[in-house]
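What follows draws every value from the coordinates through simple rules; no lab data is involved. The structure displayed is predicted, hence computed values, not measured ones. Cβ: placed from backbone, ideal geometry, glycine included. Neighbour counts: every protein chain shown.
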Amino acid sequence: MKSFFQVAAAGLALGLMASLAVSAAQGSETKGKYYFKKTCKPCHVEGKAGGLVTPLSKTQAQWKAYLQAGKHNKGKEALSALLSEQQLLDVQTFLVAHASDSPQPETCGG
Ligand code: HEC
């Protein structure tokens, strides 16, 4: 028969794995902001090739749909050409958190 401690330890390990999986699937807003500024912004300020794009350019639902479709530049390119899957998830987390209909709309300095 298993001791109480064995059962408790197993439960703890499972809980830890579940919380790790959740944090990986959510993405990091702080990292996303960094990647957006570093990778997207150079083309997305007024006067540059992509035109002005900020978190305010879309609603939360629109950003989710855009990142999930994964197409860029009028559907001609894949977003995955710019950043890894995890980095795009971080960017999505940042954009959604500050979208036009979010509780904290933000222009990200542009
Ligand atoms: C090398 C330059 C470049 C980079 C880097 C870049 N973009 Fe773009 N982006 C463009 C161009 C060019 C367009 C098309 C603009 C137009 O003619 O309407 C575009 C269009 C867009 C659009 C409008 C919808 C569409 O797909 O046409 C969004 C939103 C967008 N980019 C988001 C991003 C995000 C998010 C990143 C960073 C992951 C990014 N862009 C990085 C050049 C760039």
Revision key, fill the gap. Surrounding charge for LYS33, neighbours by C-beta under 10 angstrom, Lys/Arg +1, Asp/Glu -1, total 0
**Study point:** Partners for LYS41 among lysines (Cα-Cα distance below 26 Å; same-chain residues under 8 apart left out)
**Key:** LYS31, LYS33, LYS58, LYS64, LYS71, LYS74, LYS76
Exercise for review: Might you report the magnitude of the Cβ-based charge dipole of the stretch 42-110 about its Cα centre, with Lys and Arg at +1 and Asp and Glu at -1, to the nearest 20 debye?
Suggested key: 260 debye
Check your understanding: Counting alpha carbon pairs within less than 8 Å and at least 6 residues apart, what relative contact order, in whole percent, applies to the stretch 27-97?
Key -> 54 percent
Check your understanding: If you wrap a convex hull around the Cα atoms of the stretch 36-87, how much volume per residue is inside, in Å³?
Key -> 84 Å³
Study note, to complete from the structure: Given 63-76, 82-95, the highest-first ranking by average Cβ count within 10 Å works out to 82-95, 63-76
